[in-house]
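Visitor: Attaching a single structure in structure tokens format; questions to follow.
The values are calculated or read from the model by the stated rules, or taken from the named source; none is laboratory data. Quick caveat: nothing in here was measured; it's all calculated off a predicted structure. Cβ sites come from the backbone with ideal geometry, for glycine too, and all protein chains shown count toward neighbours. Remember, those area values only see protein heavy atoms, side chains included, never the ligands or the DNA or RNA. Shrake-Rupley method; radii C 1.70, N 1.55, O 1.52, S 1.80 Å.
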Amino acid sequence: MAGTLIVNEGSIWMPPGWIFDNVLADLAAELQQRLPTLAARLLDGRTDRSVGYFDCASLEPAALRELLHAAERVLDRTPTAGAGSFHDPSGFPGYVRNVRDLVALLREDPRAGTNGGSGHGS
């Protein structure tokens, strides 16, 4: 089963369920201190807790930017952890690709304030 994350009306991220669940858990861990309510919502959206759905369309710009920065941190640290950190190392390239895709979608959202750019801290 795939998970579905709606960035906005024109952008949807739909990775395999195991990637969706792990990315949402990683994002929640990144956001737990700053935005605990958003972190809890991310955890509740996983396929093991619901239908695997999370909608960012109603997020305020500041919350979407925090989510983007959390996704960038997850993307930055994933290659360092490496394929050996995965139960099945063959899934590593797909995980990285899907996180990269999510970061790109979040950056493209006008609320992110990045004008579709690829720089951090925008």
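Visitor: Quick one: compute the contact order of region 26-89, relative version, from alpha carbon pairs under 8 angstrom and 6+ residues apart, as a percent.
Guide: 29 percent
Visitor: Could you estimate the translational diffusion coefficient of region 1-65 from the Stokes-Einstein equation, with Rh from the Kirkwood formula over C-alpha pairs, at 25 °C and 0.890 mPa s, in whole µm²/s?
Guide: Answer from the Stokes-Einstein relation: 210 µm²/s.
Visitor: Rolling a 1.4 angstrom probe over the protein chains, ignoring ligands and nucleic acids, what is the accessible area of Arg97 in square angstrom, nearest 10?
Guide: We get 130 Å² for Arg97.
Visitor: While we're here: I'd like to compare 12-19, 86-93: which one has the highest average count of other Cβ atoms within 10 Å, and what's the full order after that?
Guide: 12-19, 86-93
Visitor: So, one more: Could you work out how much longer the chain between Gln32 and Phe86 gets when fully extended? Use 0.36 nm per residue separation minus the Cα distance between them, nm to one decimal.
Guide: This chain segment gains 17.2 nm when fully extended.
Visitor: For the chain, what does the relative contact order come out to in percent, with C-alpha contacts under 8 Å and a separation of six or more?
Guide: On the way: 172 pairs, mean separation 29.8, N = 122.
Once normalised by length, the contact order is 24 percent.
Visitor: Among Pro93, Gly3, Tyr53, flag the residue with its Cα farthest along the positive direction of the charge dipole of the chain, charges on Cβ as +1 for Lys/Arg and -1 for Asp/Glu.
Guide: Farthest towards the positive pole: Pro93.
Visitor: Sticking with this one: Using a probe of 1.4 angstrom, how much of the accessible area of region 1-88 is carbon and sulfur, in percent? List each step's numbers first, then the result.
Guide: Numbers: 2400 of 4520 Å².
That share works out to 53 percent.
Visitor: Right, here's the next one. Report, in order of residue number, the helices in the chain meeting two criteria: a C-alpha extent of 20 Å or more along the helix axis, and a mean Kyte-Doolittle hydropathy of at least 0.0; treat each whole DSSP H run as one helix. Walk me through the numbers on the way to the answer.
Guide: Values: long enough: 17-31 (21 Å, 0.87); 61-81 (30 Å, -0.16); 92-108 (24 Å, 0.08).
Span-like helices here: 17-31, 92-108.
Visitor: Keeping all protein chains in place, calculate the accessible area per residue for the chain (probe 1.4 angstrom), answer in Å².
Guide: Heavy-atom accessible area per residue stands at 51 Å².
Visitor: Additional query: Assign unit charges at the C-beta atoms only (+1 for Lys and Arg, -1 for Asp and Glu), then state the dipole size of the chain relative to its Cα centre in Debye, rounded to the nearest 20.
Guide: Result for the chain is approximately 160 debye, rounded to the nearest 20.
Visitor: Need one number: convex hull volume per residue for the chain, Cα atoms only, in Å³.
Guide: Taking only Cα atoms, the chain has a hull volume of 100 Å³ per residue.
Visitor: Another question about this same structure. Identify, among Ile12, Leu102, Ala29, the residue whose Cα sits farthest towards the positive end of the charge dipole of the chain, taking +1 on the Cβ of Lys and Arg and -1 on the Cβ of Asp and Glu, with the dipole about the Cα centre.
Guide: Checking the options against the dipole of the chain, the answer is Ala29.
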